[in-house]
Amino acid sequence: MSPQYLWFIPLLPFLGFLVNGTVGRRLPRAAVAGVALLFTGLSAALVAWLWATMKAAGAPLSMSVASRPWISVPGFHVDFAFSVDHLTLIMLGVVTGVGFLIHLYSVGYMAHEEGYWRFFAYLNLFMFFMLVLVLAESFLLLFVGWEGVGLASYLLIGFYFTKDSASNAGKKAFVVNRIGDFGFLLAMFLTIAHFGTLSFSSVFAQITAQPELHGGFLTAIALLLVLGAAGKSAQIPLYVWLPDAMEGPTPVSALIHAATMVTAGIYMVARSHVLFDRSPLALSIVAVIGAATAIFAACIGMVQNDIKRVLAYSTVSQLGYMFMGCGVAAYSAAVFHLMTHAFFKALLFLAAGSVIHALSGEQDMRVMGGLRKRIPVTFWTMTIAVFAIAGFPPFAGFFSKDEILYQTFAWHNPLAKLLWAVGLLTAAMTSFYMFRLWYKTFFGAERFSEHTDAHGHNDHAPIHARKDTTLVMEAEHDSGQATHAHGVHESPWIMLAPLCVLAVLAAVGGWVGIPEALGGHNEIQHFLDPVFAVTAHAENVANVDEVSHSLELGLAAVSVLAALFGLFLADFFYRRKPGTLGAMSANSGLYRVVANKFYVDELYHFAIVKPLEYGSRFLLENVVERGVVSGSARALAFITRGGSNLTQRMQSGNIRSYAGWLAAGAAVVLFIMAVTSLHLR
Amino acid sequence: MNHLTPFQTYFLITLLKLVVVLVLTLTAVAYTVLLERKVLGRIQNRWGPSRVGPFGLLQPLADGIKLFLKEDLMPLAVERPLFVLAPVIALGCALISIAVVPFGALTTVKGVDIFQVSDINIGLLVVLGITSIGVYGIALSGWSSNNKYSLLGSLRATAQMISYELALGLSLVGCVMRSQSLRLRDIVDSQSAHGMRSWNVIGGLQIVGFFIYLMAAYAETNRAPFDLPEAESELVAGYHTEYSSMKFAMFFMAEYANMITVACVATLLFFGGASSPFGHLIPDFGGAIVQAVLPIFWFVFKVLCFLFLYIWVRGTLPRFRYDQLMSFGWKFLLPLAMANILVTALVLAIHG
Amino acid sequence: MQLVLFLIFAVLCVAGALNLLFQRHPINSALSLVVVMMSLAVIYWTLGAEFLAAAQVIVYAGAVMVLFVFVVMLLNAGEEERTTGSRAAYIAGIPGVAAILALLTYMFMHERAALGYATLGGSLNHTTSNITEISRVLFTELLLPFEVTSILILVAILGAVVLARKEQ
Amino acid sequence: MVPIAYYLILAAVLFCIGIGSFLIKRNIITIFMSIELMLNAVNLTFVAFAHQWKLVHGQIFVFFVMVVAAAEAAVGLAIIIAIFRARQTLNVDQINLMKN
C-alpha cells in the first residue's frame, strides 16, 4: 500500500459518519448499520493491507505522508501529515479491528434503540478521530484527534440524553478532559517555543541531536503532557469521569472507555518517549501515578456492585498498569498490555453487555447469579476474559502484565521494588474482584427472576429495557421453553460472534509476547524495537539482559500465585461461604470508605466545586456581578440611553430630516476637502 | 444686399424662410382640413363642403374666421395659466419640427440653404424630441380643464403617445443605420441615387420599419384608428372638451400640423424625400429654376399621398379598444421594431 | 455669442429651478423642471454635446418628466400642505446647503484659470463627429456597461409593473 | 469664450436649489423631481468637463446617468403610486413608518 492511501483509513469512517449523520434518519436500520460496518470494515481492511505491505517491505521504520501545509505563518509551520510506524500499526490494528467487532456487536445490541443512526454516526465519527489521533505526525494533528475523540466520547456518553445522569456524565467527562487538554495545550506551546515546530519527527530529531538536553523544560513539557494523558487515560487525579462514563451504551464503554480512546494517553506518552527518556523525574512521576491509580482503582473495584462500574474501575486500574509500564520506560510492555487489554476488556464489556441484555437492562450484580446455564456462550467467553485479566497463563493478560511487573522490578530506581509490590498487590486484587464478578454473576442462586419481573423495566436503561420486551417475546417463542426462561435469554448471534472472536484473541493474543524466559521470542518487543530503540542509549532505560531469566521466571510465578490467591479469596467468599464477607464488612468504616470510592468525588466537590460555587455566589455575584459588571453595564446603559436619546432625534423617520443631516454632513466634508486641497496647493 | 455682413445676410434670409414656411404650413394645414372633409365626404358618398367659394375651396377661410371671432370661453375652475399654455405648446411643437425638414434639393443662395430652415446634424433627433415635448400640450390641456372627460382623454393620449413613441423611434433606427447619419439631408441623399430603387422602403428593405412607423405615427397624432383620446362616443371630445374659439383652433391646427410633419418624416426617411422617383431615368430638363423647384414638387406630392392615406384610413377603419391599442403597441410593434433593427443590422454587417 | 447664450439659458435654468422650489403645486414644479431641462439641453449643445442635448430633450423632458406629470395627474395630487415635519431640515440642512454653495462657488472661482474656457461648437477634434465618437466608444470600449444598463432597464420595467399593479 | 467655471457654478447653483427643494418640499413627487434636478446639475458638470478635456467619456457618462435616471423614475414613481395607495397621502411628513 502506497502512502497516499493512508488518507483513506480515517476518511472512510468519516464518510460513514457523513452518510449516517446527514441522511441516516431517513434510512432503514439495516442500511444504517450496513453503511457503518462497510466503512469501518473497509478501513480495517486497509489497515490489514498496510500491515501486509509493511511486512513485505522488510519492515521499514516508518512511512509518512506529508501532505499540504496546514498552518503556515512566519516562524511556524505545521503540515497536515500522517505517518505510520510499528507503534501506529499496532494501534491501528486495535482500533480498526476491535472497532469493527464492536460495530458488529452494536448492530445487535442497539437493534431496538431510538436514534440508531445517531449512534452509528457517532461511532464512525469516533473512529475517524481516533484514527487521526493515531496516524498524526504532529502534536497538533494528534490534538485534533484528541479533541475529536473527546467530542465523540461526550456525545456517546450522553447518548441517552433524556436521562439526567447520562448527560451529566457526558458533561463531567468533557470538563475533566478539558483540564487535561489544558496541560496538553501548554505542552504544545512550550514545544513551539523551544523547538519551533510540532512535528514529531523534527522535535524528536532535535532532541536526539542535542544529547546535552536534559530535564529542565523537557520535564515541564513532559509533565504537562502527563497531565493531558492523565485526563484522557483516567489516571489520578483525573480518573473520576471514567466510571460515570458507563452511562453510555455498553458497546461505547467497550470501544471508547476500555479499548481505544482511554489508551490514547498511553499512546501519547509512548509516542513522545524520546522526550520522556530525557526526563527521569517525569518518568518517575508517571510510574508513581500509574501504580497509585492501579491499586486505588482496584480497591474501589472490589466493592462495586454495578457490573459495568466494576469493569470501569478495572479499566482505570489496568490503565494504571500501562502508565506504570511507561513510567519505567518499558514502552513496549505498556503497548503490549494496551493491546491485550483492548482484547480482554472489550470482551469483558461486551460480555457484560450481553448479560445486561439478557437481564433486560439490569446492571446490579446483587440481583444476578446462576446465569451460567442460561447464557452459556456469554459465560464461556466471559470466563476466558476473566482468566485473561486476572493474569493466568496462557491467557493474554498474563504475558503483558507480567512483562510490566518484571520491567518494573528491573527498573533502576529506588522506587522500583515498591512499585513492583504495589503492582503485585493490584494483580491479586484484580484477580479477586474479577472472580467476584464472575461468581456473583454466573454462579450461586438465581436472584434475578422476581427482580426482573417486578422491576424488569426499571430505569437503569429505560430505552433499552422497554424495547427489549419484544425481543424477550421472540426469544421465548423461538426456544419453545417459556416455562422458566422467563425473560433471561442468550443474545443474538450478531452479538455473540464478536464475543467469540475476542475470546480467541484474549486467549491467544498474548502469545506474541511470550518472554524469552518462557521459551518465547517476545516478538512484540522486537516488533516495536525500531520505534523505542532510538533512545536505547539513554541510561535509565531498563536493560533486559542484566536480569537473569530465572528472576523473570520467579517473578512470573509470584504473580501467578497472587492471581491464584485472588481466585481463592473470591471462591471462598462468594461461592463457599457467601455472605461471610458481607457480614464482616457491613459495618466496617473501611468498607464504607472504599464503597464510596474513597470519597474522591465528594473531596473534589468540597475542595474545588464548593469553593468555586461559594466564591461565585458571594464574591462574584454580589461584588463583581452586582457591583462591577452590573454597575458598569448600568452606567453603559445610562450613557447609551442618553446618547441614543440624542441620536434618536436624528433618526426621526422623516426623509427631509435625513436629507438635512446629509446636506450638513456634505458641507462639512466639502469644507475639509477644500481646506486641505487649497492648503496643499 | 452686398453691403450686409454674412451674418446679417444669414439672419435676414433665415427670417424670410421662417415666415414663408410658417405661412405655407398654416395654409397647408387649413387645406388639409378641407381635403379631409372632401375625401371623407366622397368616401361616405356625399359632397363634403362645397358652398364657400368654388368647390368649397374657401371653406377653411370661413372656418378660420368663425373660430377667430367666436367668444373665448374660459371655464371658471380651470388652471388658468396652464389652460392657456397647453394649446400653445401643442401648436408650437407641431410647427417647430417643420424647421428641420429639407423641402428640396440642396440649393444655396448667398451661402444659405433656402429649402430648409435649419440644417442640423441631429435633425431626426430634433424631430423626435419635439414630438415628445408635444405630449405636454395634450397632457396639460386635459388636466387644467378640471374636467373628468378631459382628464381621462389626456391620460389616454399621454399614455398612448409615450407608448408609441418607443416604436416610432425604433422604427427609424433602420434607416439611420443605412444612411449612417442623423442629418435629414444625408438620409435623403442616401436614397436619391437610383430613384425608387434606392428608397429605404424598397431598396433598403425597410418595408417593415415603414409599416411600424405608419402605425406608430397614426397613434402619435391621435388619428384614426387610434383616436381614442378624442373618442366622442366615450369622452365627449377628449382633452379639448373645454376649449373653444382660438384655443380650440390651435389644437385643431396642431393635429393637422402634426399629420403634415409625420408625413414629411415618412417621406424623408422612407421615400427619398425630395428626390425624384425616377432617379436619372428622366434627363434633366428646363433651367436651374425648374431643377430647383421640381424636387419640391416631388416632395409635396409624396406628402400629399400620405395625407390622403391618413384620411383614407380614417374613413375606412374602426377604432381600436384601449387595451387592444396598448397591447398592440407594446406586444407587437415594439418587438417587431427591435427585430427589424436586428435584421437590418445583420444585413448591413454581412453586406459590409 | 456663447456668453449671451449661456447667460440667457443659465438665467432660465436658475429661474426654472427656483420656480420648482417656490411653486406649491407639483405640476407647476414639474413644468418648471421641464424648462430647466430644455435650457440645459441648449447649454449642452453650446458645449458641443448635441447628442446629449437631443437625448436630454427626448429622455428627460419627453419621457421622464411626462411620466411625472402623468403620475401627478393620475394621483390627482393637490397643492402641498404646509406641515412641519422636520426641524432638522431647516436647522442643519439649509445652512449646509448655503455652505455647500458658497464653498463650491468659491472653489470654482478660485480655480477659474486652471479650468479653462469653453468655445462654441464641437468639443472634440473635428475629424469625427461627436455622435460617431460616442457610438464608437459606447459600442466598443463600454459595450459591457451598455448591455448592463439594458438589463437594468428591463429590471426597472418589471419592477415598476409589479409595484404599480393593483393587487387582486 | 466662457470660463468652464461658470458652467460649474451654474451646476452648483442648480444642485443646491435641488437640495434646498428636497429639504423644503413636502410632496414626495416634488422631492423626486428635485432629485432629478440634482442629477441634471451633475450631468452639466460632466458635459463641461468633457468639453474641457476634449474627451467623449464624460458625455457617455451622462448618457448612462440618463438611462439610470429613467429607470429610477419608472421604479420610483411606481413606488410612489404604491405608497399613495397604501397611505392615501403624498406628504412625506406623514410617511414616517420608520419612526418608532
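Points to keep in mind about this one:
- Single residue of A:SER644, A:SER630 found to be away from chain C (no Cβ under 14 Å), within 30 Å of D:ASN27 (Cα to Cα), part of a helix (DSSP H, G or I) and of a type in the set (S, T, N, Q): A:SER644
- Failed criterion for B:ALA90 (all others in (1) modelled with pLDDT under 85; (2) within 25 Å of B:THR241 (Cα to Cα); (3) surrounded by 19 or more Cβ atoms within 10 Å (Cβ to Cβ) hold): (1)
- The criterion of being more than 7 Å from chain C (Cβ to nearest Cβ) and either open to solvent by 10 Å² or more (accessible area, probe 1.4 Å) or farther than 19 Å from C:VAL64 by Cα (or both) holds for D:VAL42.
- Flag if A:VAL531 is modelled with pLDDT under 50 and surrounded by 14 or more Cβ atoms within 10 Å (Cβ to Cβ): no
- Contact map, region B:306-334: residues that are over 15 Å from B:ALA217 (Cβ atoms) paired with residues that are open to solvent by less than 60 Å² (accessible area, probe 1.4 Å) and acidic (Asp, Glu), Cβ distance under 8 Å, separation 6+ or inter-chain. Pairs shown: B:ARG319/B:ASP227.
- Filter pass, A:GLU113 being open to solvent by less than 10 Å² (accessible area, probe 1.4 Å) and over 15 Å from the mean Cα position of the chain (by Cα): yes
- Qualifying residue in region C:95-103 (condition: under 19 Å from the mean Cα position of the chain (by Cα) and crowded, with 24+ Cβ neighbours inside 10 Å): yes
- Scanning region C:8-33 for residues that are facing another protein chain (nearest Cβ under 7 Å) and either within 25 Å of B:ILE120 (Cβ to Cβ) or aliphatic (A, V, I, L, M) (or both) returns C:ALA10, C:CYS13, C:VAL14, C:ALA17, C:LEU18, C:LEU20, C:LEU21, C:ILE27, C:ALA30, C:LEU33.
- Of the listed requirements (1) free of Cβ contacts under 8 Å to residues at least 60 places away in the same chain; (2) of a type outside the set (Ser, Thr, Tyr); (3) facing chain B (nearest Cβ under 9 Å), C:PHE51 misses just one: (1).
- Residues considered: D:LEU23, D:LEU14. Of these, the only one that is within 7 Å of chain C (Cβ to nearest Cβ), more than 14 Å from C:GLU80 (Cβ to Cβ) and not basic (Lys, Arg) is D:LEU14.
- Pairs where the first residue, in region B:32-48, is without any contact (Cβ under 8 Å) to a residue 24 or more places away in the chain and the second is exposed (fewer than 14 other Cβ atoms within 10 Å of the Cβ) and acidic (Asp, Glu), C-beta under 8 Å, 6+ apart: none
- Filtered by the rule that a residue be open to solvent by less than 50 Å² (accessible area, probe 1.4 Å) and either touching a Ser or Thr at 6+ places or on another chain (Cβ under 8 Å) or closer than 24 Å to A:LEU528 by Cα (or both), region A:4-32 gives A:LEU6, A:ILE9, A:PRO10, A:LEU12, A:PRO13, A:GLY16.
- Unique match (being farther than 18 Å from A:ARG436 by Cβ and either basic (Lys, Arg) or in a helix (DSSP H, G or I) (or both)) among A:LEU405, A:LEU348: A:LEU405
- Residue within region B:262-278 that is touching a Cys at 6+ places or on another chain (Cβ under 9 Å) and either free of Cβ contacts under 8 Å to residues at least 40 places away in the same chain or charged (D, E, K, R) (or both) present: yes
- Of all residues in region D:50-93, those satisfying the criterion of being within 26 Å of C:ALA89 (Cα to Cα) and either more than 7 Å from every other protein chain (Cβ to nearest Cβ) or in contact with a strand residue (DSSP E or B) (Cβ under 8 Å, 6 or more places away or on another chain) (or both) are D:GLU72, D:GLY76, D:ILE83, D:ALA86, D:ARG87, D:GLN88, D:THR89, D:LEU90, D:ASN91, D:VAL92.
- Residue in region A:222-232 that is under 14 Å from A:ALA152 (Cα atoms) and in contact with a helix residue (DSSP H, G or I) (Cβ under 8 Å, 6 or more places away or on another chain) present: yes
- Every condition in (1) under 11 Å from the mean Cα position of the chain (by Cα); (2) over 21 Å from D:MET38 (Cα atoms); (3) of a type in the set (S, T, N, Q) holds for C:ASN76 except the one numbered (1).
- Pairing residues of region C:8-24 that are touching a residue at least 60 places away in the same chain (Cβ under 8 Å) and farther than 17 Å from D:ILE19 by Cβ with residues that are open to solvent by less than 50 Å² (accessible area, probe 1.4 Å) and of a type in the set (Val, Ile, Thr), at Cβ distances under 8 Å and at least 6 apart in sequence or on separate chains, gives no pairs at all.
- C:SER150 meets all of the listed conditions (1) outside any loop (DSSP other than H, G, I, E, B); (2) modelled with pLDDT under 85; (3) of a type in the set (S, T, N, Q) but one, namely (2).
- So C:THR46, is it of a type in the set (Ser, Thr, Tyr), in contact with a helix residue (DSSP H, G or I) (Cβ under 9 Å, 6 or more places away or on another chain) and more than 7 Å from every other protein chain (Cβ to nearest Cβ): yes
The values are calculated or read from the model by the stated rules, or taken from the named source; none is laboratory data. In this text, all values refer to a predicted model and were calculated from it rather than measured experimentally. Reconstructed Cβ throughout: ideal geometry from the backbone, glycine too, with neighbour counts over all protein chains shown. Ligands, DNA and RNA are stripped out before the accessible areas are found, and what is left, the full protein with its side chains, is counted by its heavy atoms. Shrake-Rupley method; radii C 1.70, N 1.55, O 1.52, S 1.80 Å.
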